[in-house]
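A quick write-up on the structure given underneath.
Derivation of every value follows stated rules applied to the coordinates shown; laboratory data play no part. Since this is a predicted model, take the numbers as computed values, not measurements. Positions of Cβ are generated from backbone atoms using ideal geometry, with glycine treated the same way; all protein chains shown enter the neighbour counts.
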Amino acid sequence: MKIPLFTLLFLLGTQIGFTQPFFLPKLPYSYSEYAPQIDALTMETHHAKHHQSYVNNLNKALVGTRMESQTLIDLMFYAGFRSDVVRNNAGAHYNHSLFWEILAPLSAQSEMSQELSTAITKDFISMDSLKKTFLNAASSRFGSGWAWLIVSPDKKLMITSTSNQDNPIMDVVTERGIPIMAIDVWEHAYYLNYQNRRADYLNAVWSLINWGKVSEKYTMAINDSLLIELEKDSWPAMMEFHKVMAQTFHPSESGDLQPIRKRSGEFFAKAILLTASAPPKSLNNIAIHEGLTKLEKKCNEINSLVKKGAKDAVLIKKMAESHDLFHNVQGLCHD
C-alpha cells in the first residue's frame, strides 16, 4: 500500500516510529507529572517496560522477513495476513504511542480547536455526551483492550473499542477509521493504583486528555487519504478477493503454482462476486466497474487454463497480469 504524502509527512513528524527498526518514543513529560491521575510507577512500568517490550518483540519478529522494509501502517493495515506476534506488537506500539501523545498534565494542556468542537456537537450533540459514550465503551470492554475516538471514512467522529492490541486501522476490526484519541484499558495501565476500579481510572485519565493535541490529529485525519484506503478495504467483496489473490499470486512469484491450481475455481468465483458487489459510495464509478470486469475475465481465463493443465510459465504470466489488473483497480480507488 502506498502511503499518501500528507500521511507520510505527518507520521514522520510524530514519535510513532514508522521507520525500522522501531523505537520507544520519549514521553513529553516526566513520569511523576501525570500524577495523581496516573502514578509515576505505573507510568514508568507501562512505558519503559511494557511498551519497550512490544517494540523489541516487533523488531525481532521482522528481521529477515519481507515485512522488514514495511511501515507500521502497512503492518497494521493488513493485520489479518500477519502472524500473531507481528499483529499484536505492531498494534501495541502504535496504540501506546498515540496514548502517550494525547496525554498531558493539566497545566500543559492546550484548548480544543473550533473545528473539533463543531464536529463533536454535530456527531455527539455535546461534550458530555461524547464523554459518557466513550467511557461506556471503555468500561464495557471485556478483558484487555482499548477505547477509541476515530474519524471514519465518511469523515464522521465515531467511538469504538477493540480487544487486546487491535485498533481501527486494522483489517481485522469492523468499525475502521483513523484514531485521534485512545485510552488503554489493559490492567497494567491502572492496576497498581486503582486495582479493579476501572471506572475510577477512566474518569481520572479523562482529565489528562490534551484536547489541543487531539484537535491537531483530527485536522490531519480528515484530510488524510488513508480514509479512502480504509473505506476501500472495508469493501467486503474486495477484501475476500484480495485474500485469495494474496494466497495464490505470491506463491506463484516463487514458482509455486499449487495454490492457484487447487483454488482457481474459488479465485474466479471471488472475482465474480467482486464484480457483482456494490462498492462504497465514494468508489462507485464507471472506471472501477470497467476494471473489475477486466479482472473477472482474466480470472476466468486463469481458471480455464488450470482446467486444461496449462504449463507453469503460462500461469505465472497470467497470474502476474491478474495481479496488475487488481492493483490498477486499487489505484482507481485512490482517484
Residues of the stretch 25-67 satisfying the condition of being within 25 Å of residue 108 (Cα to Cα), in contact with a helix residue (DSSP H, G or I) (Cβ under 6 Å, 6 or more places away or on another chain) and without any contact (Cβ under 8 Å) to a residue 60 or more places away in the chain
31, 32, 40, 43, 44, 51
Among (1) part of a strand (DSSP E or B); (2) under 13 Å from the mean Cα position of the chain (by Cα), there is one condition residue 182 misses while meeting the rest; what is its number?
(2)
Qualifying position, being among the hydroxyl-bearing types (Ser, Thr, Tyr) and in contact (Cβ under 8 Å) with a residue 12 or more places away in the chain, among 129, 163
163
Within the stretch 223-310, considering only helices (runs of 4 or more DSSP H) that don't extend past its boundaries, which have at least 1 residues that are over 20 Å from residue 168 (Cα atoms)?
236-253, 258-276, 286-307
